[in-house]
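The values are calculated or read from the model by the stated rules, or taken from the named source; none is laboratory data. From a predicted model like this one, the values you see are computed outputs, not experimental measurements. With ideal geometry, Cβ positions are generated from the backbone for all residues, glycine too; neighbour counts draw on all protein chains shown. Ligands, DNA and RNA are stripped out before the accessible areas are found, and what is left, the full protein with its side chains, is counted by its heavy atoms. Shrake-Rupley method; radii C 1.70, N 1.55, O 1.52, S 1.80 Å.
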Amino acid sequence: MSEVSVPAFRGKVLATFFGDESFPIQWDSPEERTLMWWYDDLHCPNPVSPLWFDVGGWWHTCDYLFRRFGFPLAVDWKAKIINGYLYTAIVPADPTYAAQIGPYFTTVMPVYAANFLDWWRTRLRPEIERNFAYLDGYDSERATLLELLIHLEDALDIQERHWRIHWILNLAQFQASLDLQAAIKEVLGTVDQDLLGRILVSDEDRNWDAIRALWELKEQVKADPLLREAFGAETATEILQRLEALGPAAEPFRTALARYQREFGNKSIYAHEYIYPLWRENPAPIIEMIKSYLETDYDYPEAVRRVRETREAAIRELLARIPPENTAGRQKIEQALELALKMTPLTPDHHFYIDQGTYARLRLVFLAIGRKLAALGRLADPEDIFYLRYHEIRVVATNPTAIDARALVAERRAARERAFQIRPREWVGTVTEWDLYTEPYKSLWGYPEKFFRSQEAAVADVITGLAASAGVAEGVARVVASPAEFDQVRPGDILVCKMTSPAWIVVFTKIRGLVTDAGGVLSHPAVVSREFGIPAVVGTIVATQRIRSGDRIRVNGSEGRVEILR
């Protein structure tokens, strides 16, 4: 089965794939072939831009992650573009190093878990907010091209620092969750993952802040007959035109909308990219969501109340399972639970500040440079800058005859368009027992279960995935490619998509269920579905291929099963 030799500690080789005519792969070294590379549809379901891959990818700081924490299982996390799509691979640590550093990791991680929330509130989040204030306050229009190039270096330094903070947060929160699961297993013998999922949900974070502010805008429209009439138009463009035509009568709403864009508009369709326009640049997605809130008369206070009640009921259920005489066990679980619950807002908050907010601001810096280069005739359009690489931007800005930037952009834009026609494989390279059962991070993508599902033949009218949020929902499927299609989603629909990101939060308020191609039980769609109490099946691999909009489907979020009823 294997054409490569892997270290003995990685165990048996379970499968290999090194490319074929339908999915060719260029390997840069023999070592690359020994790793398991998986398609990162969790962050980047679409072909990525050359610029983001060159300087934006989160893996650029993963060597720091593993070094700082003394992570015993891995030393690096690499990335590779294959046929336009992002694949990543964990580089295992040598067993000797792992044995030496393991005690350090297990000793310091509880300290991170116990203290990080205070660090985040008092030191790290304020640092990020100061950096945002600097980037937002920079006058890109008045700056020269050379000044912008230097400003870019500052922005890239900020991006790197924010991702380092991301990893500290990520590991601290991960440890708090592991500590809770360990306490539950010690006291009760087993961990009910469905129950745990209903417990570890947040009801007070930046995502909920964004939803509350959107609900307030809806209430403002609802109370004003003129605004209600404007929102009777079919499209966001027509609504914005009607609002403009209202003149001073709509000024308070336009002011509130602009305030929402500044605070919550630093995000795009997909958080992990520079290439997609921000809500801060174009308010159409915000307008569409206000319109949908009006149609459903979305009730934010009631939604939050349901989340809290569901969580409190799940906590009571957990504690009721502890034998009354086991007071020490109850105390152990309660202490671990208190810390884990305090950490739950950190998932949506770090998305808001880092995955969304930081990349959004880097996009604006690059666009400012793109405008200067377009004005000089070196690019046809400011957006073309995302098809260049970091080195090429500096060359085009200061030595424009050295490369033909326009030709490079045209070639890469065409290649990215062609990549959209390709169906990426779920994994390539070499899969071993270590990859599936020891290395923990791939669980976010639904492994090891996803590996075996990718090997199975499809069963007609039944799709299997991961049970992400309990319950059963039946309704009309709505296959959505991006937030640009949110207006097609009707109240009570079941959303079917490749993957969700924080920008998709607003549509959760009107759907009955969720099915995704990507993700594991701790991924964004799974966590948010549990927060909203929506049955969900994630990591199906094939849902968007096999389900059509208008199909009637049944989603069993308890069993990880989707039935196509037609």
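Of all the residues in segment 25-42, those that are among the charged types (D, E, K, R), part of a loop (DSSP other than H, G, I, E, B) and either more than 19 Å from Y447 (Cβ to Cβ) or without any contact (Cβ under 8 Å) to a residue 12 or more places away in the chain (or both) number 1. Only one of the numbered conditions (1) part of a loop (DSSP other than H, G, I, E, B); (2) at pLDDT 95 or above; (3) closer than 19 Å to I211 by Cα is not met by K267, and that is (2). In summary, helices (runs of 4 or more DSSP H) completely within segment 161-256 and bearing 2 or more residues that are of a type in the set (F, W, Y) and under 15 Å from M289 (Cα atoms) occur at 206-222.
Every residue, every condition in (1) open to solvent by less than 20 Å² (accessible area, probe 1.4 Å); (2) within 21 Å of the chain's Cα centre (by Cα), yes or no:
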site: T255; (1), (2): no, no
site: G265; (1), (2): yes, yes
site: E281; (1), (2): no, yes
site: S292; (1), (2): yes, no
site: Y298; (1), (2): yes, no
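Within segment 470-493, none of the residues are over 19 Å from V307 (Cα atoms), among the polar types (S, T, N, Q) and touching a Cys at 6+ places or on another chain (Cβ under 7 Å).
Of all residues in segment 375-395, those that are of a type outside the set (A, V, I, L, M) have Cβ atoms under 7 Å from Cβ atoms of residues that are open to solvent by 30 Å² or more (accessible area, probe 1.4 Å) and assigned to a loop (DSSP other than H, G, I, E, B), 6 or more apart or on another chain, in R378/P400; E392/I403.
A search for C-beta distances below 7 Å between a residue of segment 288-299 that is under 18 Å from Q241 (Cβ atoms) and in contact (Cβ under 8 Å) with a residue 24 or more places away in the chain and any residue that is of a type outside the set (F, W, Y) and open to solvent by 20 Å² or more (accessible area, probe 1.4 Å), counting only pairs 6+ apart in sequence or on different chains, returns E288/D487; L294/K222. Of all residue pairs spaced 6 or more apart or on separate chains, those with beta-carbon atoms under 8 Å, a first member in segment 135-150 that is closer than 13 Å to F366 by Cα and a second member that is part of a loop (DSSP other than H, G, I, E, B) and not small (G, A, S) are L145/L376.
Listed here are the residues, each with its yes/no results for (1) touching a strand residue (DSSP E or B) at 6+ places or on another chain (Cβ under 8 Å); (2) of a type in the set (A, V, I, L, M); (3) modelled with pLDDT under 95; (4) buried (at least 18 other Cβ atoms within 10 Å of the Cβ).
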position: V396; (1), (2), (3), (4): no, yes, no, yes
position: N399; (1), (2), (3), (4): no, no, no, no
position: A402; (1), (2), (3), (4): no, yes, no, no
position: R412; (1), (2), (3), (4): no, no, no, yes
position: Q421; (1), (2), (3), (4): no, no, yes, no
position: R425; (1), (2), (3), (4): yes, no, yes, yes
position: T432; (1), (2), (3), (4): yes, no, no, yes
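Only residues that are at negative phi, in a loop (DSSP other than H, G, I, E, B) and open to solvent by less than 30 Å² (accessible area, probe 1.4 Å) were counted in segment 521-566, giving 7. Among the residues making up segment 90-109, those that are under 17 Å from P440 (Cβ atoms), among the aliphatic types (A, V, I, L, M) and assigned to a helix (DSSP H, G or I) are A98, I101, M109.
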